[in-house]
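Quick notes on the structure that follows.
Any read-out appearing in this document is the output of simple, stated calculations on the displayed coordinates, not a laboratory observation. Predicted model, so just to flag it, every value in this text is computed and none were measured. Glycine also receives a Cβ, built like all others from the backbone with ideal geometry; neighbour counts cover every protein chain displayed.
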Amino acid sequence: MADAKFDITDDHPIVAKGIKTAFGDNVVHENLDLEINKGEIVGVVGGSGTGKSVLLNTLLGLRKPDAGTVYIYGTPRGQLSEKERQALNNRVGVLFQGGALFSSLTVRENVMVPMREHSNLPVKLMRELADMKLHLVGLPPHAATLAPSDLSGGMRKRAGLARALALDPGLLFLDEPTAGLDPIGAAAFDQLILDLREALGLTVMMITHDLDSLYTICDRVAVLLDKRIAINDSLDKVTTDPNPWIQEYFGGPRSRAAAVAGNRGGLKESKK
Ligand SMILES: Nc1ncnc2c1ncn2[C@@H]1O[C@H](COP(=O)(O)OP(=O)(O)OP(=O)(O)O)[C@@H](O)[C@H]1O
Ligand SMILES: [Mg+2]
């Protein structure tokens, strides 16, 4: 289905058009458009409370937009049968802000939750697949039987990522994945996302305030500003945008330091 402005095909796993979101009088999104290319890691930035997490919920279909349409792999979310919705959700993995692991389940059981919900696999096979995912994200074997509360913050993020990857999705949503990690842990997590993208051909939408992540692993940056995506482009283009908020965000000393680190043999270089 061609469109004059948007390419709604498999090459664009996410296309959102004319999204409006309002909570009573609080209009969070108005006429918001977003398009994400297949195989790219896109960072979404914006001030606190501008509606990044709400946008994620809308793209996931957990919240119906008050206007506009979300297409996932070319399929408009609003018109799906239950069966189609399930099939689509199997292609999407998500790591929510804060991780949201079930505290009463072991790490392995957490990774098995999506498999139990969406497949009829024998339990033994689900266990083996869960352990493979835990290995994939770099967790040691003994972590499988621990409770989430027994893991460090960085390990919890990895466990959440393993659960997001449980059903072999093509599209991965991450909400603040490196928040709360020390700089070494955050850099390792960034590298993991980059490695997984290379190995699994993932498309990744990552909400982040982490300037190092933006400079080292993101192909594009989408800025949520004034209720819409003001710009969705390479960092070179975004950082030269004259908008005062963008200039303040990317022109400060922290951003300059991240830019220097990113250009000095940053992770993004190594993937080419
Ligand atoms: N269920 C809800 N009911 C009413 N208002 C809500 C609801 N969920 C979110 N909001 C409002 O929507 C706005 C955007 O919230 P959101 O959590 O998306 O911000 P954010 O950009 O993710 O912020 P942060 O960077 O702090 O995570 C806020 O004003 C919030 O109060
Ligand atoms: Mg948020």
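What to note about this one:
- Each peptide in 12-24, 67-79 receives the mean, over its residues, of other Cβ atoms within 10 Å, and ordering these scores from highest gives 12-24, 67-79.
- Phi-based couplings in Hz for the stretch 57-73 (Karplus 6.51, -1.76, 1.60; Gly and Pro marked x): 4, 5, 5, 6, x, 7, 9, 7, x, 6, 7, x, 9, 9, 10, 10, 6
- Prolate/oblate/rounded call for the chain, Cα gyration tensor, a/c under 1.5 rounded: oblate
- Counting only aspartates and glutamates at least 8 places from residue 157 when in the same chain, those with an alpha carbon closer than 18 Å to its own are 109, 131, 168, 175, 176, 182, 190, 195, 210, 212.
- Two-site label geometry, residue 198 and residue 146: point separation in nm, points 7 Å out along Cα→Cβ: 2.7
- Model label zone, residue 38; criterion: amide N under 18 Å from point 7 Å along Cα-to-beta-carbon; scope the stretch 78-112: 88-93
- In the structure shown, the pairs 133/227; 20/133; 17/52; 17/38; 38/124 are assessed against 25 Å; a Cα-Cα span above that value is assigned to 133/227; 20/133; 38/124.
- Between residue 22 and residue 10, the distance separating the two model label sites (each 7 Å from Cα on the Cα→Cβ line) works out to 3.9 nm.
- Simple spin-label estimate for residue 62 and residue 125 gives 2.9 nm between the two label positions (7 Å along the Cα-to-Cβ direction from each Cα).
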